[in-house]
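S.K.: The structure under discussion is supplied below as structure tokens; questions concerning it will follow.
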Amino acid sequence: MKTSSLVFICLFLIVFTVGAPADDLRKRSSAAIPPNIHARIIQLEDERNLGGDELLGLLKHQTPDARQRAALAIGRIGDKRGTEPLINTLRRDEDAWVRAMAAFALGEIEDVQAADALLDVVNSPRGPLFVKARAVEALGKIAGVQANAEKLGQTTLDSINQSLVNRLPAADAKPLDDRKLFSSLTITALMRLRNPASVEPLTQQLKSKDADFRARAANALARLRQPIDSAVPALIEALNDGDADVRANVARALGASKNARAVEPLIKLLNDKNDWVQVGAIRALVAINDRRAVEPLIVFGDKVNKQVKPVTHERSARLNMLLEITTAFGAFKDPRALWLLNSVRRKLWSDIYPEAEIAIARIDWMEFSNWESDSSLTAATREWPPNLAHIQGLAEMDSDFARSGLSALWNKVSREPVKDRWVSETLRVLAKLKHEGTPQILRRQLSTKDVIVRSTAATLLADYSSEENLNALVQALANEKTDTANDARLAILTALSKYRSEKAIESVKAALNDPDHLVRRRAIDLLKQMGAGDFSDRIGIVQTGHDKGFYQQVAARLNKKVTATIHTDKGLIKIELFPQDAPITVDSFITLARKGYFNNLTFHRVVPNFVIQGGDPRGDGEGGPGYQIRCEINTRPYARGAIGMALSGKDTGGSQFFITHSPQPHLDGGYTVFGQVVSGMDVVDRIPRGDLIRKVEIFEGR
């Protein structure tokens, strides 16, 4: 979730927070695994290394806990050589918890070859429900991958979908505790399968006696990417649900339906007592794009604007709502909102709050260009530094005014010392507005000092196909060999893949020798896409830089209680960390915190009713600690208050972390959960973008 862009276990199935289903796998303790074996498993997992047959051999270890932990490691590594051994474990292991983890691991590998075995488990009249639950989850992950769906064929997909639908609880039945995990994961799997036949069964779940099921069903309907018109009457009725999560998710689903019948009910929802429900209503009204919503939003926005003080005084907790409303006006492009947007513009003049500037630019370019302040085009081209928000506003206008102003700005950017973020953003605007000299500018930026600027230039240059640009990309990749950061190399490789010439293929092949595991993996994937062959045998292992002693130290923490306290201006956020579930992630977080790394960094990304995200030293979503850690996907769910590791792709974690405002089941199995808020969720809810992390304290017990 990097914004450039969520041991272990053994245990694991989840002790959910309040309202979430329990997972029997978490009854286990890592203490039953011999310490030397546990440390070795963590090392192999971190290296993305099966160790020949070493890790696969542990699936036959005499200790069930060790077999379970080995199964998880194989799933995290993702090597398809582990598929058949895991299928055998799923079918034959005498221990149900081991079988459940084998199913979970098969879902992480996403190998279509496992589908039949998993479906057999789901359809069997025998076996523990928690094993079936993990098989259901894995089927959703595997069949939800487009390439796998094509291999399975529509008939098989329909069969899998119907099998899952048949196992949903009756809407009028009282939910049984031992079925909650199974039913919850079934709803999430249906969401991932995106089969139109799921609409009616999921609609029925809106009447469940369990609020968690109702919320999950609404969330699934919102994410199906299928027509859900038949669900609209039930969704409108569910806007009166007594549970706020249900109402918020129902609003999102109505937005996805784009049905005009929902407009008036959603407008009424602007008066809901819950902020996240109001946010859901705003986004849904934007998605439907009916002008009836504009005046009520102006009234609501004026009320919220009066509650927010200028950011020079403090960052109000209501700032999140004001930014949401401002963004909505930019989407509607209705001039009636201009007076309110100008008021917001004056109050929130800041590089980190571009919403008002962008909204005004979308509505009226004359109003945008005549703005008399330091953010005006005249001031931005005369004085330095320019307002980043204004640069982003220019991107919204297709006019000679914008292009001429942008030329003047770039002349400043190219010869003045400025923040690298401004350079990157200006490059994006140049490309979006199709500035005449953009390719030449981008080629020059391939050799600039900042790795993110180089990465941005390469990404944008991919849209300008020419021999000159190809040569520039080939040379840039060769120049990147000594850079420890991989951002630019990854972007250049992707840009090169747009060409199918021999020169481009040979350049990408050269990256197979790169010392960085992520670069080699990207090159292998791209060469397949380019039709140059399968070089999977060149993936190798990760050079982690850690020795045996490091992994022994990490393993020694597994059964300790570890907590962190994040100090903010809004109050304290206390977190329980999960070294058993994510030992390397927790170790990295602890190490950075004790170095003072997080001190005075911002929460640079806040998405209401989704996440707050911090830990980026650049403040733009592109920064990190100078190294990357591997994902440690586990069975803990993204419940409210879950702590996740932000990513820009698999195994790209670093220092950026996020905290969820509400349950986010679509993130499960995609981002590492490594902690849970135990107190201070009221603080999390009140954090606006730009608030500071004053410090992070770590406490370790026995």
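S.K.: Quick one: in segment 522-554, of everything that is part of a helix (DSSP H, G or I) and of a type in the set (Gly, Ala, Ser), which residue is farthest from the chain's Cα centre (by Cα)?
M.R.: So in segment 522-554, the residues part of a helix (DSSP H, G or I) come out as 522-529, 536-538, 548-554.
After this cut, where a residue has to be of a type in the set (Gly, Ala, Ser) as well, the list is 523, 536, 549.
Details: 523: 23, 536: 26, 549: 33 Å.
Residue satisfying both the conditions and the ranking: 549.
S.K.: Does segment 602-609 contain any residue that is in a helix (DSSP H, G or I) and aromatic (Phe, Trp, Tyr)?
M.R.: Initial filter on segment 602-609 (in a helix (DSSP H, G or I)): none.
Checked segment 602-609: no residue is in a helix (DSSP H, G or I) and aromatic (Phe, Trp, Tyr).
S.K.: Looking at 617, 608, can you tell me which residue is in contact with a Leu (Cβ under 7 Å, 6 or more places away or on another chain) and not acidic (Asp, Glu)?
M.R.: Every option except 617 fails the conditions.
S.K.: Would a scan of segment 189-203 turn up a residue that is closer than 20 Å to residue 663 by Cα and over 26 Å from the mean Cα position of the chain (by Cα)?
M.R.: Looking through segment 189-203, at least one residue is closer than 20 Å to residue 663 by Cα and over 26 Å from the mean Cα position of the chain (by Cα).
S.K.: When you go through 511, 478, 485 one by one, which is the residue that is over 23 Å from the mean Cα position of the chain (by Cα) and crowded, with 18+ Cβ neighbours inside 10 Å?
M.R.: 511
S.K.: Residues that are out of contact with any helix residue (DSSP H, G or I) (no Cβ under 9 Å at 6 or more places or on another chain): find the strands (runs of 3 or more DSSP E) completely inside segment 621-702 holding 1 or more of those. Please lay out each step first, then the result.
M.R.: Details: elements: 642-645, 657-660, 673-679, 692-700.
Where strands (runs of 3 or more DSSP E) fall fully within segment 621-702 and carry at least 1 residues being out of contact with any helix residue (DSSP H, G or I) (no Cβ under 9 Å at 6 or more places or on another chain), they are 657-660, 673-679, 692-700.
S.K.: Give 309, 333 a once-over and let me know the one that is surrounded by fewer than 22 Cβ atoms within 10 Å (Cβ to Cβ), at pLDDT below 95 and either touching a helix residue (DSSP H, G or I) at 6+ places or on another chain (Cβ under 6 Å) or over 30 Å from residue 259 (Cα atoms) (or both).
M.R.: Selected residue: 309, the only one of 309, 333 that is surrounded by fewer than 22 Cβ atoms within 10 Å (Cβ to Cβ), at pLDDT below 95 and either touching a helix residue (DSSP H, G or I) at 6+ places or on another chain (Cβ under 6 Å) or over 30 Å from residue 259 (Cα atoms) (or both).
S.K.: Just to verify a result, which residue in segment 171-189, among those that are assigned to a helix (DSSP H, G or I) and basic (Lys, Arg), is modelled with the highest pLDDT?
M.R.: The residue in question is 180.
S.K.: Which residues, taken from segment 686-702, are buried (at least 19 other Cβ atoms within 10 Å of the Cβ) and among the charged types (D, E, K, R)?
M.R.: Filtering segment 686-702 down to residues buried (at least 19 other Cβ atoms within 10 Å of the Cβ) leaves 686-689, 691, 693, 696.
Within segment 686-702, 686, 689, 691 qualify.
S.K.: Hey, can you tell me all the residues within segment 659-678 that are over 23 Å from residue 248 (Cβ atoms) and hydroxyl-bearing (Ser, Thr, Tyr)?
M.R.: Within segment 659-678, just 672 meets the criteria.
S.K.: What's the number of the only condition in (1) in contact with a Phe, Trp or Tyr (Cβ under 9 Å, 6 or more places away or on another chain); (2) outside the structural domain of residue 277 (by TED's automatic domain parsing); (3) assigned to a helix (DSSP H, G or I) that residue 202 fails to meet?
M.R.: (1)
Here is a yes/no grid of residues against (1) among the polar types (S, T, N, Q); (2) assigned to a helix (DSSP H, G or I):
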| site | (1), (2) |
| --- | --- |
| 55 | no, yes |
| 62 | yes, no |
| 67 | no, yes |
| 76 | no, yes |
| 88 | yes, yes |
| 98 | no, yes |
| 108 | no, yes |
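S.K.: Taking residue 413 as the residue in question, decide whether it is under 27 Å from the mean Cα position of the chain (by Cα), modelled with pLDDT under 95, more than 23 Å from residue 647 (Cβ to Cβ) and crowded, with 19+ Cβ neighbours inside 10 Å.
M.R.: Considered against the rule, which asks whether it is under 27 Å from the mean Cα position of the chain (by Cα), modelled with pLDDT under 95, more than 23 Å from residue 647 (Cβ to Cβ) and crowded, with 19+ Cβ neighbours inside 10 Å, residue 413 comes out as no.
S.K.: Cβ-Cβ distance below 6 Å, separation of 6 or more or different chains: which pairs start in segment 104-130 with a residue that is under 24 Å from residue 147 (Cα atoms) and end on one that is of a type in the set (A, V, I, L, M) and assigned to a loop (DSSP other than H, G, I, E, B)?
M.R.: 108/633; 110/145
S.K.: Let me ask something additional. Residue 284: within 30 Å of residue 247 (Cα to Cα), under 23 Å from the mean Cα position of the chain (by Cα), part of a helix (DSSP H, G or I) and small (Gly, Ala, Ser), yes or no?
M.R.: Yes.
Yes/no matrix, rows are residues, columns are (1) in a helix (DSSP H, G or I); (2) farther than 23 Å from residue 652 by Cβ; (3) modelled with pLDDT under 95; (4) of a type outside the set (A, V, I, L, M):
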position: 418; (1), (2), (3), (4): no, yes, yes, no
position: 426; (1), (2), (3), (4): yes, yes, yes, yes
position: 429; (1), (2), (3), (4): yes, yes, yes, no
position: 443; (1), (2), (3), (4): yes, yes, no, yes
position: 468; (1), (2), (3), (4): yes, yes, no, yes
position: 477; (1), (2), (3), (4): yes, no, no, no
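S.K.: On the basis of being under 26 Å from residue 407 (Cβ atoms), surrounded by fewer than 22 Cβ atoms within 10 Å (Cβ to Cβ) and not charged (D, E, K, R), does residue 464 make the cut?
M.R.: Judged against the criteria, residue 464 is a match.
S.K.: Please pick out the residue among 600, 609, 634 that is surrounded by fewer than 24 Cβ atoms within 10 Å (Cβ to Cβ), modelled with pLDDT of 95 or more and not acidic (Asp, Glu). Don't jump to the end; show me each part of the working.
M.R.: Numbers: 609 fails: surrounded by fewer than 24 Cβ atoms within 10 Å (Cβ to Cβ); 634 fails: surrounded by fewer than 24 Cβ atoms within 10 Å (Cβ to Cβ).
None of the other options fit; the residue is 600.
S.K.: Might you let me know whether segment 396-407 holds any residue that is modelled with pLDDT of 75 or more, over 27 Å from residue 319 (Cα atoms), of a type in the set (Phe, Trp, Tyr) and part of a helix (DSSP H, G or I)?
M.R.: no
S.K.: What pairs come out if I take residues in segment 423-438 that are over 19 Å from residue 465 (Cβ atoms) and small (Gly, Ala, Ser) and pair them with residues that are crowded, with 18+ Cβ neighbours inside 10 Å and modelled with pLDDT of 85 or more whose C-beta lies under 7 Å away, six or more apart or interchain?
M.R.: Here the result reads 424/452; 424/453; 424/456, each pair linking segment 423-438 to a residue that is crowded, with 18+ Cβ neighbours inside 10 Å and modelled with pLDDT of 85 or more.
The values are calculated or read from the model by the stated rules, or taken from the named source; none is laboratory data. Note that the structure is predicted; figures quoted are calculated from it, not measured. Cβ sites come from the backbone with ideal geometry, for glycine too, and all protein chains shown count toward neighbours.
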